[in-house]
Structures are given as structure tokens and as C-alpha cells.
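Trainee: Can you read through this structure? Questions will come right after.
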There are 2 protein chains.
Amino acid sequence: VKKLYIIKIGGNIIDDANALDKFLSDFSNIKGLKILVHGGGKIATELAKKLGIAQTLVGGRRITDAETLKVTAMVYAGLVNKQIVALLQSHGVNALGLCGADANAIQSDKRNVKDVDYGFVGDITPSGIHSDLLSAFLEMGLVPVFSAITHNGKGQLLNTNADTIAATLAAALSKNYTVQLNYCFEKKGVLEHIDQEDSVIKTITQAQYRQLLLAGIISKGMIPKLDNAFEAIQKGVPYVVISHADDLINTTKNEHGGTTLVA
Amino acid sequence: VKKLYIIKIGGNIIDDANALDKFLSDFSNIKGLKILVHGGGKIATELAKKLGIAQTLVGGRRITDAETLKVTAMVYAGLVNKQIVALLQSHGVNALGLCGADANAIQSDKRNVKDVDYGFVGDITPSGIHSDLLSAFLEMGLVPVFSAITHNGKGQLLNTNADTIAATLAAALSKNYTVQLNYCFEKKGVLEHIDQEDSVIKTITQAQYRQLLLAGIISKGMIPKLDNAFEAIQKGVPYVVISHADDLINTTKNEHGGTTLVA
């Protein structure tokens, strides 16, 4: 079984041209099969502001109305995705930029309206990942680069969380590959003390995660990321690494760096 | 040798949701291998205006400064491309949205500054088309959908005329396929009298084109389109059809419709 790296890069790195360039250079040095998943950073929020599109947040989550969806499609699937693809090409990586509608790679369902109508947000399950063509792309030497836009199969684009896309891709592709899922962001890993950058927890098991949650150790912003990661682990991904973007190469060499999540 | 349809759809159709939907429905009914190339319509101009990005035109051509390039990448490769891909998926077409950077499909050179600096505009030649992966995509049952953004291989995205992309793709792919190139727009073909919608010239040879140019029959806006088309014909494309978007199905069945350009 071949190894496949699925690397999620966070918004704060995308917003910093130097950090992004270093990250993409490191990414280009990973040997073997790989997929990149990216968020959009602050560019979408800034563009919405410039266009006078009011952004509504409910419980920290953005409501994706029709105009906001257009902004995210433009920024994520257009500007950011194609800039990353062009930069990777300059590093010798044959990148192929995709959103979920392309090659019908990721189909999602518009989130049901319960207490809150999140608007044009798509939830995905592993069965929404159509991995045959993705595997074919990988075998052709291509490196898929996913923006966080999916579709419902009925002509509607939908906004989907990039962490969830990475985890769901990892779960679906773990049938054909030994997948290593990496979440790269601007911190050194999961921190025991949120204000102490070096208090990285080296390893977290699912049982330990529950205890850390009960003890209130895990910061609010990290919980969805860790929930996504452990869901991928339950669905067959051997382990997930959460690390600083600068530590990407170390973590792909199984050397020191970041937090490793295991079953 | 298999037949391959390369269809260019113009901006005026993209700006009209009903016309676009009808066109994409017709496109989905074309049997066999096909590629769609689209422009961006007025959306990019409108977005630039809303963002206060001044648009400079020299001789009818837009100057692509850094901010305008971002707008075109967002609108062409993001919003318009992904909406078209999602709509085609809903019509059962396994569309794959591409810009030239994706899979390194179309590499271009930034236009030399002579009298005018056009900015981030890329000129392409058939050698800039990397058709091996494109052919592989076609054989996998995918339908490539190109936005008019290319790259220079050094990390720079570039704006490229969609008519030229369609013609250059047609020329490059005519080595492997019998290519029919169709330019679909909002007129019924090349008109003998610009104010008479039904004065469509049925057939134009290269020699007749020169005479029509000398006689001042061809309207200014049509000249680049026809130049592109005859260049494709010189490079091996058997014929090019220029027609109304509504006549797409007729023209692919070799029935009446539009203007046919031949050697």
C-alpha cells in the first residue's frame, strides 16, 4: 500500500506571502503522493468588507449567504487556489487545482436548517468523496490542490470547512493508501497552556482527548480540528499530525514536531 | 482518429443566466469528446468598478495591472469557472475546471512591452499547450472547462484572451484528434451587414477573408476572432464554426447554422 500525504494549510500562512512561499517550497520536497487542502485566510473577509457585504457570525461560524458564497468561490477556488497552483508549478510540482465540483470529487449536502440557517454550507461524508478519479490523478503524477468549495450535484456550489475536507478525504482515501494527515498552522501543535508556545503535547490518544476536553485544556478554536482528526482516525487513518507549517518536513520524516493524534 | 469538439462561449451568454443554462444543457448533449473555453463577461469589469480599481483600455484592450489580474483570477478561474462546472455536473457532464496553471496545461509568456505595457497578459503558442494530460483527462471521460487564465511556469498567473486559448488548444490537439472548433456568441455568425442579423455569410475561405477585410466588411470586433480561427486552420484544424450559442447543437450535427471558416 502506497503512502499518501494529505496536508491542510491554514489561513494565517496563506495571508503571509513569505510564510506561504516557504511552506510551498517544503511541500514540494515531500517525496511520494500528496494532496494539499487550503483555507482562504482573511482575503475573503476583506473582500466582503470592501464590497459592503455584511458578514454574520453565529457562535463563531460565518453565515454563507448568496453574496458571501460568491466571494468565497472567487477567493478560495479562484485567487488563492490558482496562485498556489502556479507557485507549486514553479517549484516543479504538477499541481491540479480542484474544488469539489471538479471531476465531481467532493459532493456535499446543504446543511439542514435547525436553530440556525448557515446558508450555502455543505456537509460532507466519506461517501461524498469520489476517489477513483482522485486516485487516477495521483497515479498520473498530479498533485491535487483543494479549495474549500464543494457542490451538491444539482448545480449549487457550497462552502465547506477546509479541516473537514482534509479529514474526510483522508478517511475516504485510507481505503487505497496509507494516509498521513497533517494539519499545518501557525502554532507548534496542540498546546497544554494556550499562552505557552512550547507547551506542545507530543501525543494524544482518543481517550486522552476526552480527558483534556473535560479538564478544559483544549482551546475552543482547536476542538473542531481535533474532532475532525479523531473522526478520520476512527475511519482508518493511522495517525494525524498537528504542527507548525515550518515543521512540515520534519513531521513527514517522522521526526520531532507537533502533536501526533492516534487511536 | 476521434473527433473532439472545442467550444468557446462568449461573455454575453455568461452574463445571462437563462442563456447560459440553455447553452450548458445543449453542450451536455454533444456526444463524444469535448472541451469548453469561457470568457468572463461583464462580471470582472463590474467587480473592478465596485472595488475602485481603475480600468485602463488602450485600443480597446484592457491593461491588466496587478489588481486587475487578481480580479480576473477570482472571477474567471473562481466564480464563473466553478459555477459552470457545478451546472455541467448537474447535467451529467463530468466537468473539470482548469486554468492554464492546472496540470501545467497552458504555459504563456508575459507580453513584451513595446509601445504599450499590457501588464500581466500572457501570449501563448501551440508549444505552450501540454496536451498529454489533457488527452488523458478526455480519455478518462472528463470534460475540461478552461478559464482564460494561464501561467508562465515561474509562479506568475497571466490573463490570456479566451478566443486565443480556444484556437491554440484546437491547433495543438489537432495532432491527436479531428478537432471542430466552435465560437459561440450572441450573433448568428459573421454578418455581411453588421445591422442585419440575418446577413450571415455561410462560408469564408482564407482568400475570401482577405477580400472581406480589404472591402471593410468584417467588423472591428470580429477581426481578432477570425484571425485566431484562421491561424488554427493553418495549423491543422479542418474548419471553424462561428455561430449563435442557440445554434450549437445544429452546428455540431453539421446542419445549417452560423459561418463556417475553411482553408
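The values are calculated or read from the model by the stated rules, or taken from the named source; none is laboratory data. None of the values given here were measured: they were computed from a predicted structure. Glycine also receives a Cβ, built like all others from the backbone with ideal geometry; neighbour counts cover every protein chain displayed. The protein model used for the area step is the full one, side chains on, heavy atoms only, and it has no ligands, DNA or RNA in it. Shrake-Rupley method; radii C 1.70, N 1.55, O 1.52, S 1.80 Å.
Trainee: Look through B:Phe146, B:Phe137 and report the one residue that is open to solvent by less than 10 Å² (accessible area, probe 1.4 Å), touching a Cys at 6+ places or on another chain (Cβ under 8 Å) and modelled with pLDDT of 95 or more.
Mentor: B:Phe146 is the lone residue from the list that is open to solvent by less than 10 Å² (accessible area, probe 1.4 Å), touching a Cys at 6+ places or on another chain (Cβ under 8 Å) and modelled with pLDDT of 95 or more.
Trainee: Only one of A:Gly189, A:Gly216, A:Gly236 is surrounded by 22 or more Cβ atoms within 10 Å (Cβ to Cβ), at positive phi and not in a helix (DSSP H, G or I). Can you tell me which?
Mentor: Going through A:Gly189, A:Gly216, A:Gly236 in turn, just one is surrounded by 22 or more Cβ atoms within 10 Å (Cβ to Cβ), at positive phi and not in a helix (DSSP H, G or I): A:Gly189.
Trainee: Hey, B:Val145 hits all of (1) more than 19 Å from the chain's Cα centre (by Cα); (2) among the hydrophobic types (A, V, I, L, M, F, W, C); (3) part of a strand (DSSP E or B) but one; which does it fall short on?
Mentor: Unmet condition: (1).
Trainee: Tell me yes or no: at least one residue of the stretch B:45-54 is closer than 21 Å to A:Lys70 by Cα and touching a His at 6+ places or on another chain (Cβ under 8 Å).
Mentor: Checking the stretch B:45-54: not a single residue is closer than 21 Å to A:Lys70 by Cα and touching a His at 6+ places or on another chain (Cβ under 8 Å).
Trainee: So, one more: Which of (1) closer than 18 Å to A:Asp246 by Cα; (2) not in a loop (DSSP other than H, G, I, E, B) does A:Glu197 not meet, given it meets every other one?
Mentor: (2)
Trainee: Separate question: Looking at (1) surrounded by fewer than 24 Cβ atoms within 10 Å (Cβ to Cβ); (2) modelled with pLDDT of 95 or more; (3) more than 19 Å from the chain's Cα centre (by Cα), which is the only condition B:Ser28 fails?
Mentor: (3)
Trainee: Which ones in the stretch A:40-56 are open to solvent by less than 70 Å² (accessible area, probe 1.4 Å) and either modelled with pLDDT of 95 or more or more than 22 Å from A:Phe185 (Cα to Cα) (or both)?
Mentor: Those that are open to solvent by less than 70 Å² (accessible area, probe 1.4 Å) and either modelled with pLDDT of 95 or more or more than 22 Å from A:Phe185 (Cα to Cα) (or both): A:Leu47, A:Ala48, A:Leu51, A:Gly52, A:Ile53, A:Gln55.
Trainee: Condition test on B:Ala170, is it in a helix (DSSP H, G or I), open to solvent by less than 10 Å² (accessible area, probe 1.4 Å) and either away from chain A (no Cβ under 14 Å) or over 24 Å from B:Lys22 (Cα atoms) (or both)?
Mentor: So B:Ala170 fits the description; yes.
Trainee: Would you point out which residue out of A:Ile106, A:Ile124 is among the hydrophobic types (A, V, I, L, M, F, W, C) and open to solvent by 10 Å² or more (accessible area, probe 1.4 Å)?
Mentor: Matching residue, one of A:Ile106, A:Ile124: A:Ile124.
Trainee: Take the conditions open to solvent by less than 20 Å² (accessible area, probe 1.4 Å) and in a helix (DSSP H, G or I) and apply them to B:Ala19. Does it pass?
Mentor: no
Trainee: Still on this model: Quick one: would you say B:Val37 is in contact with a strand residue (DSSP E or B) (Cβ under 9 Å, 6 or more places away or on another chain) and open to solvent by 20 Å² or more (accessible area, probe 1.4 Å)?
Mentor: Taking the combined requirement at face value, the residue does not satisfy it.
Trainee: Answer with yes or no whether B:Ala232 is over 25 Å from B:Ala19 (Cα atoms) and either at pLDDT 95 or above or among the hydrophobic types (A, V, I, L, M, F, W, C) (or both).
Mentor: When the stated conditions are applied, B:Ala232 passes them.
Trainee: Among the residues of the stretch B:57-94, what is the count of those that are within 7 Å of chain A (Cβ to nearest Cβ) and either of a type in the set (A, V, I, L, M) or open to solvent by 10 Å² or more (accessible area, probe 1.4 Å) (or both)?
Mentor: Residues that pass the stated criteria total 13.
Trainee: Further question on the same structure: Here is a list: A:Phe120, A:Phe146, A:Phe185, A:Phe137. Which entry is in contact (Cβ under 8 Å) with a residue 60 or more places away in the chain and within 14 Å of another protein chain (Cβ to nearest Cβ)?
Mentor: A:Phe146 is the lone residue from the list that is in contact (Cβ under 8 Å) with a residue 60 or more places away in the chain and within 14 Å of another protein chain (Cβ to nearest Cβ).
Trainee: Still on this structure, please answer the following. Based on this model, can you work out whether A:Ile249 counts as of a type outside the set (Lys, Arg), open to solvent by 10 Å² or more (accessible area, probe 1.4 Å) and free of Cβ contacts under 8 Å to residues at least 60 places away in the same chain?
Mentor: Judged against the criteria, A:Ile249 is not a match.
Trainee: Only one of (1) free of Cβ contacts under 8 Å to residues at least 60 places away in the same chain; (2) buried (at least 21 other Cβ atoms within 10 Å of the Cβ) fails for B:Gly100. Which number is that?
Mentor: So the condition that B:Gly100 fails would be (1).
Trainee: Return a yes/no flag: does the stretch B:104-115 have any residue that is within 13 Å of another protein chain (Cβ to nearest Cβ), more than 19 Å from the chain's Cα centre (by Cα) and assigned to a loop (DSSP other than H, G, I, E, B).
Mentor: Checked against the condition, which is being within 13 Å of another protein chain (Cβ to nearest Cβ), more than 19 Å from the chain's Cα centre (by Cα) and assigned to a loop (DSSP other than H, G, I, E, B), the stretch B:104-115 yields no hits at all.
Trainee: Take the conditions of a type in the set (S, T, N, Q) and within 13 Å of chain B (Cβ to nearest Cβ) and apply them to A:Asn161. Does it pass?
Mentor: no
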